[in-house]
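Heads up, the thing below is written out as structure tokens.
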Amino acid sequence: MVVTLLLLVPLLSATVLLAMPTGTDAKGAERWIGIGALIAAVVTAGLAVVVVAGRLSVDVPWIRSLGIRWHFAVDGISAALVLFTGLLVVAVVLHALAAPTPQGGSRSTYFGCILLVEAGALATFLARDALLFFIAFEVVLVPMWLLIRRFGDEHVRDTARADASGRFILFTAFGSTLMLIGILFLVAHQGTSDLTVLGELHGKGLSRSLEIAIAAILLTGLAVKVPLWPLHTWLPSAHTIAPTAGSVLLAAILLKMGTYGIVRLAVAAVPDGVAALSPVLAILGAVGTIWGGLACLVERDLKRLIAYSSVAHMGFIAIAIASGSHTGLQAALFANIAHGIVAALLFFLVGDLKEQWGSADLTVPRVALRDRAPRFGIAFVFGLAAVLGLPGLVSFWGEFLALYAAWSPAQGVNIGVLRATVVVGAFGLALAAAYALRVARILWAGEGAPETDAVARDVIADERGIRWGVVVSFIAVMLALGVVPHLLLNISDLDAAALLSGVTR
């Protein structure tokens, strides 16, 4: 019941908030709506800790006629993502409490969407039935679409919000269609939708051509969700328009659902098909690291720049998965969490700056953060240092281990292609350093801002209170996992080995 309760608390809380009649906020209930959302998020985070610590599960019949079971469980592959989701949503709600609700809808709708995203994400990471996994995945899309469409950037035209939200839902729906087709093919030929059984079968009973076909369909559908180049074009506009909470959830949770799906569905159930397609996966990932880095070098909108950096970092995860080795899988799982932490920190900071500046345009002359808002400046330096993979910070280990694994891939994987992607990926790291230092130069040092009266009078309130506490907590986690990465690697070590061998622990 604890596992079910973990899913029901955010789901029922979101339902109550979304069902509140229009005008409730005007009756002085704004404060209590926020407090209620915070209580639900804290309770959910506490339940997540209990579920992960006890490795709890639930497995009962649900739709008997289809053989679908209400089967949710946590293992080393999903444990870190479950914990991260629960704690991240607490940070998102705390951050949102310290600011007025973005224009476009009620406060209850805004918090309801955040909690509904959490419910869907947790169900996705815990689901042990392939069809249940698909349903949970789709639950997340509607509230995220609503956050972009209704609560998007008020400084842009309504047509821009409609375009960004429409592109988001169309691309992800296309990916969902392919994912469902792949799941149905897999279930029809293996005779079960139980992900544990599918992992144990490990592709047995499937011809090589069929396994490759199923892997291709699943990887293409999930590549849209990750997203991998060239299926990434929906991401920059969605990030640019979305409110701060939407950008954080999109970068830190939704993208991770795509890479988790590749591991849980494709790598576990059709390993030979993934191995056959690994050169393509690695090449797409390598191109993404370069494409994203080059875009970041010239991008003028800071939110859009961070979105392109996400495309680059997802490329490293694709290279790691393509290696087919235990080290590669560990690198992908670690980099998943690392990117979520760093991207969330940067989007929190950019959202706070944009509230005061009215835009995130890097070409507009701004005062140096080191002079007027040193806390902002220091936090940005930490975030940008993590983006470029500086040793001692969390991103270093995911990227380093990804390239290390690709240099020595698993047996049967094309070693020539994988080693070529290592060279390309290393160049991508150099690009990351270049664009991170470019942004640091503009924001921290204020380089390029002329000494005019307008700039001299530029007043910016530094980070403080709840928001500063949220930022400091992310920096602390970045440092902790950068110095002692085994805290995270140990969680998935044994289960990663078991998944690759098709043995259930």
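The values are calculated or read from the model by the stated rules, or taken from the named source; none is laboratory data. Quick caveat: nothing in here was measured; it's all calculated off a predicted structure. All Cβ positions, even for glycine, are placed from backbone atoms using ideal geometry, and neighbour counts span all protein chains on display.
Overview of results
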{"read-out": "Members of the stretch 465-505 found to be assigned to a loop (DSSP other than H, G, I, E, B) and either of a type in the set (Lys, Arg) or under 24 Å from LEU345 (Cα atoms) (or both), listed by number", "value": "VAL484, PRO485, ARG505"}
{"read-out": "Enumeration of residues in the stretch 309-338 that are in a helix (DSSP H, G or I) and in contact with a Pro (Cβ under 6 Å, 6 or more places away or on another chain)", "value": "none"}
{"read-out": "Among the residues listed as ASP194, ASP163, ASP158, the single one being out of contact with any helix residue (DSSP H, G or I) (no Cβ under 6 Å at 6 or more places or on another chain), closer than 30 Å to PRO271 by Cα and among the charged types (D, E, K, R)", "value": "ASP194"}
{"read-out": "So ILE341, is it out of contact with any His (no Cβ under 6 Å at 6 or more places or on another chain), outside any loop (DSSP other than H, G, I, E, B), of a type outside the set (D, E, K, R) and farther than 18 Å from ALA251 by Cβ", "value": "no"}
{"read-out": "Members of the stretch 61-70 found to be part of a strand (DSSP E or B) and more than 14 Å from LEU5 (Cβ to Cβ), listed by number", "value": "PRO61, TRP62, ILE63, ILE68, ARG69"}
{"read-out": "Among the candidates THR192, THR240, THR259, residue that is modelled with pLDDT under 90, among the polar types (S, T, N, Q) and closer than 30 Å to LEU87 by Cβ", "value": "THR240"}
{"read-out": "Residue satisfying all of: in the stretch 164-207; of a type in the set (A, V, I, L, M, F, W, C) and under 20 Å from ALA498 (Cα atoms); surrounded by the fewest Cβ atoms within 10 Å (Cβ to Cβ) among these", "value": "VAL197"}
{"read-out": "Members of the stretch 213-238 found to be closer than 16 Å to ALA282 by Cα and of a type in the set (Val, Ile, Thr), listed by number", "value": "THR220, VAL224, VAL226"}
{"read-out": "Any hit, the stretch 359-367, residues being under 17 Å from HIS239 (Cα atoms) and either part of a helix (DSSP H, G or I) or of a type in the set (Gly, Ala, Ser) (or both)", "value": "yes"}
{"read-out": "Flag if ALA160 is at negative phi and surrounded by 22 or more Cβ atoms within 10 Å (Cβ to Cβ)", "value": "no"}
{"read-out": "Test set (1) modelled with pLDDT of 85 or more; (2) under 25 Å from SER309 (Cα atoms) - GLU463 fails condition number", "value": "(1)"}
{"read-out": "Selection from the stretch 34-59 of residues that are among the β-branched types (Val, Ile, Thr), modelled with pLDDT under 90 and either touching an Asp or Glu at 6+ places or on another chain (Cβ under 9 Å) or not in a helix (DSSP H, G or I) (or both)", "value": "VAL58"}
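Results for (1) surrounded by fewer than 22 Cβ atoms within 10 Å (Cβ to Cβ); (2) at pLDDT 90 or above; (3) among the polar types (S, T, N, Q); (4) assigned to a loop (DSSP other than H, G, I, E, B), shown as yes or no for each residue.
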residue	(1), (2), (3), (4)
LEU390	yes, no, no, yes
SER395	no, no, yes, no
GLU399	no, no, no, no
TYR404	yes, yes, no, no
GLN411	yes, no, yes, yes
LEU418	no, no, no, no
THR421	no, yes, yes, no
LEU429	yes, no, no, no
ALA432	no, no, no, no
